[in-house]
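The values are calculated or read from the model by the stated rules, or taken from the named source; none is laboratory data. Since the model is a prediction, treat every value here as computed from it, not as a measurement. Cβ coordinates were reconstructed from backbone atoms using ideal geometry, including for glycine residues, and neighbour counts include every protein chain displayed. Accessible surface areas use protein heavy atoms only, side chains included; no ligands, DNA or RNA. Shrake-Rupley method; radii C 1.70, N 1.55, O 1.52, S 1.80 Å.
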Amino acid sequence: MSASANLETPYNGPRLWLVGTPIGNLEDLVPRAARILSEVSVIACEDTRTTRRLLDLAGITPPRLIACHDHNEQSSAGGIVKLLEQGESVALVSDAGMPAISDPGYRVVRAVIEAGFEVSAVPGPSSVLTALAVSGLPTDRFTFLGFAPRKSGKRQRWLEPFKADPATLIIMESAQRLSETLADAAAVLGERQGAVAFELTKAFERVHRGTLPELAARYSEPPLGEAVIVIAGAVVVREKVNKYTPDGGKKKG
């Protein structure tokens, strides 16, 4: 896209906007996101208090705020569709990052699409992609697994299907279960290289790298915050092609 491209969005009529919000550093609220949040009639928020603080800090006069979180997303989806039917435009935000990515949003998007309305996104910060980018691990293929199960047995069964997956794996985890999850990953996946990212984009951002057992030992005392774990994919061993025929003769060509 050229620098002279039209910065305004020529969309008319009611629409659901998925707006990415900062994962830590408030300077990451892009101008287009700020504009959309100031123009819509309603903002559906994971936590209205968190969104109100963001709007205040960005100098945006808050429109009507409604709650849309894990516990009421289904009913909120119906309410958002009704607002669109009334001609309103609605923005959906999570507390941090992109809505619907390990945050509420999927059910709302499905309901809005099924009701015949348009959905647009204002791309923004993502802890998943940020952690992958700074991990130092391959980025050409990756699999995002979301939050790990809470119990060790379930975690190990959850990881089993990825033992032979060459894609880099990305997992969200709380600090309290971080060491146990890394140890379970080592038990299932082996001594692969990994990275753990904390407080991304904030003043005390840190990324630690090492083997999974090394990282598990490092976090035996739980740190503060929520972590993103990035794990190297399985090494693919390619079998050599047999250049000889079963009867011992060399293949022609």
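Quick notes
- So GLY190, is it within 22 Å of ARG150 (Cα to Cα) and surrounded by 16 or more Cβ atoms within 10 Å (Cβ to Cβ): no
- Residues of the stretch 67-77 satisfying the condition of being within 20 Å of the chain's Cα centre (by Cα) and crowded, with 16+ Cβ neighbours inside 10 Å: CYS68, HIS69, GLU73
- Residue selection: THR181 fails the criterion of being of a type in the set (Val, Ile, Thr), modelled with pLDDT of 95 or more and in contact with a Gly (Cβ under 6 Å, 6 or more places away or on another chain).
- In the stretch 154-169, the condition of being closer than 24 Å to LEU224 by Cα, under 17 Å from the mean Cα position of the chain (by Cα) and at pLDDT 95 or above is met by at least one residue.
Per-residue answers, yes or no, for (1) within 30 Å of GLU85 (Cα to Cα); (2) modelled with pLDDT under 95; (3) assigned to a strand (DSSP E or B):
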position	(1), (2), (3)
ALA133	no, no, no
ALA195	no, no, yes
LEU215	no, no, no
PRO222	no, yes, no
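- Within the stretch 168-185, the set of residues being touching a helix residue (DSSP H, G or I) at 6+ places or on another chain (Cβ under 8 Å), assigned to a helix (DSSP H, G or I) and buried (at least 21 other Cβ atoms within 10 Å of the Cβ) comprises THR181, LEU182, ASP184, ALA185.
- Candidate set: the stretch 113-125, residues that are touching a strand residue (DSSP E or B) at 6+ places or on another chain (Cβ under 8 Å) and farther than 28 Å from LEU26 by Cβ; chosen: the one most open to solvent (accessible area, probe 1.4 Å): GLU118
- Pick from the stretch 78-110, criterion among the aliphatic types (A, V, I, L, M) and in contact with a Cys (Cβ under 8 Å, 6 or more places away or on another chain), ranking: surrounded by the most Cβ atoms within 10 Å (Cβ to Cβ): VAL93
- So ALA34, is it under 15 Å from ARG107 (Cα atoms) and of a type in the set (Gly, Ala, Ser): no
For (1) out of contact with any His (no Cβ under 9 Å at 6 or more places or on another chain); (2) among the aliphatic types (A, V, I, L, M); (3) surrounded by 13 or more Cβ atoms within 10 Å (Cβ to Cβ); (4) farther than 23 Å from LEU200 by Cβ, each residue gets a yes or a no:
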| residue | (1), (2), (3), (4) |
| --- | --- |
| ALA131 | yes, yes, yes, no |
| SER135 | yes, no, yes, no |
| ASP140 | yes, no, no, no |
| THR143 | yes, no, yes, no |
| SER152 | yes, no, yes, yes |
| LEU159 | yes, yes, yes, yes |
| PRO166 | yes, no, yes, yes |
